[in-house]
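A.B. asks: Got a structure for you, written out below as structure tokens; questions coming shortly.
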Amino acid sequence: MKLDIIGDIHGCKKEFELLTNKLGYDWKEGIPLHPERKLAFVGDLTDRGPSSLKIIDIVYNLWKNGAAYYTPGNHCNKLYRYFSGNPVKIIHGLETTAAELSSLPQSEQDKYKSIFLELYEQNPLYQLLDNGKLVIAHAGIKEEYIGKYTKNIKTFVLYGDITGEKNPDGTPVRKDWAQHYHGEAWIVYGHTPVKTPRIVNNTINIDTGAVFGGMLTAFRYPELETVSIPSTMPFIPEKFKDDEKSRD
């Protein structure tokens with residue numbers, strides 16, 4: 001199994017194209033393909049960036065072609081609830097995706113709704129791959145949770161090890177679960193933007209804040225190497241939490 005696992009894209013299509021080109025993928029019929037490797041995504045495909053709908057389209061077609069693995073993030077979950085007609089607040093980035101949708105004819109809106117609902121519903125909460133040697137989970141996962149699915153585990157995978165408390169800026173206080181992970185499986189995750197990929201034990205955070213002007217990063221498996229490209233977005237230093245404590 002040869003994978004290139006890509007961190008939170010958040011609608012940054014230009015960065016996604018640059019990174020996949022750097023990784024040796026050829027864009028054919030609108031999707032990046034490689035003769036020997038597949039792509040995988042840690043979630044948060046949409047919101048905040050300029051091209052959320054196009055990223056949905058690309059990832060959906062990769063998945064339908066058997067060329068990628070997808071796991072949802074908290075922004076994916078919120079978009080799923082939005083498309084499902086549940087009451088959600090159109091804030092924290094969803095407003096950019098909603099604006100993209102509203103600019104389209106109804107038939108196009110319906111198309112994106114249909115393909116995203118299918119993508120979300122037909123994929124697991126987290127990916128358990130390579131005979132259990134690799135786990136892809138949006139905000140991470142504890143060793144004792146692997147292979148299990150409960151409401152509490154879903155909250156952990158989507159939002160991290162939250163305490164229920166809030167930081168002064170309103171973001172959730174989050175424990176550094178990776179410090180206590182001692183499993184043999186590699187856990188690849190994102191969710192909390194860090195300036196450079198963060199390796200702790202057999203875990204790696206590859207959300208390097210592309211939408212906040214950092215980088216878009218891929219983790220190559222089984223090589224255990226990272227490849228990054230700089231973002232074209234404005235750099236917002238306060239969005240990066242290298243101590244892993246908080247970011248929604």
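A.B. asks: Report, by residue number, each residue of segment 111-126 that is open to solvent by 10 Å² or more (accessible area, probe 1.4 Å) and assigned to a loop (DSSP other than H, G, I, E, B).
C.D. replies: Gln122, Asn123, Pro124, Leu125
A.B. asks: Does Tyr145 satisfy the criteria of being hydroxyl-bearing (Ser, Thr, Tyr), buried (at least 17 other Cβ atoms within 10 Å of the Cβ) and within 21 Å of Thr217 (Cα to Cα)?
C.D. replies: In short, no.
A.B. asks: Out of all the residues in segment 203-216, which are touching a residue at least 40 places away in the same chain (Cβ under 8 Å), more than 16 Å from Phe235 (Cα to Cα) and more than 11 Å from the chain's Cα centre (by Cα)?
C.D. replies: The answer is Thr203, and nothing else.
A.B. asks: Here is a follow-up. May I ask you to list the residues in segment 191-244 that are buried (at least 21 other Cβ atoms within 10 Å of the Cβ), in a helix (DSSP H, G or I) and either modelled with pLDDT under 95 or of a type in the set (Val, Ile, Thr) (or both)?
C.D. replies: Result: Val211, single match.
A.B. asks: Quick one: which of Tyr60, Tyr69 is at pLDDT 95 or above, among the aromatic types (Phe, Trp, Tyr) and in contact with a strand residue (DSSP E or B) (Cβ under 8 Å, 6 or more places away or on another chain)?
C.D. replies: Tyr69
A.B. asks: Of everything in segment 127-144, what is part of a strand (DSSP E or B) and under 16 Å from His182 (Cβ atoms)? Give them in sequence order.
C.D. replies: Val135
A.B. asks: Which of the following residues is at pLDDT 95 or above, charged (D, E, K, R) and closer than 23 Å to Gly160 by Cβ: Lys13, Lys111, Lys78, Lys2?
C.D. replies: Lys78
The values are calculated or read from the model by the stated rules, or taken from the named source; none is laboratory data. All of these numbers come straight from a predicted model, not from anything done at the bench. In this analysis, Cβ positions are derived from the backbone assuming ideal geometry, glycine residues included, and neighbour counts consider all displayed protein chains. Heavy atoms of the whole protein, side chains included, go into the accessibility calculation; ligands, DNA and RNA do not. Shrake-Rupley method; radii C 1.70, N 1.55, O 1.52, S 1.80 Å.
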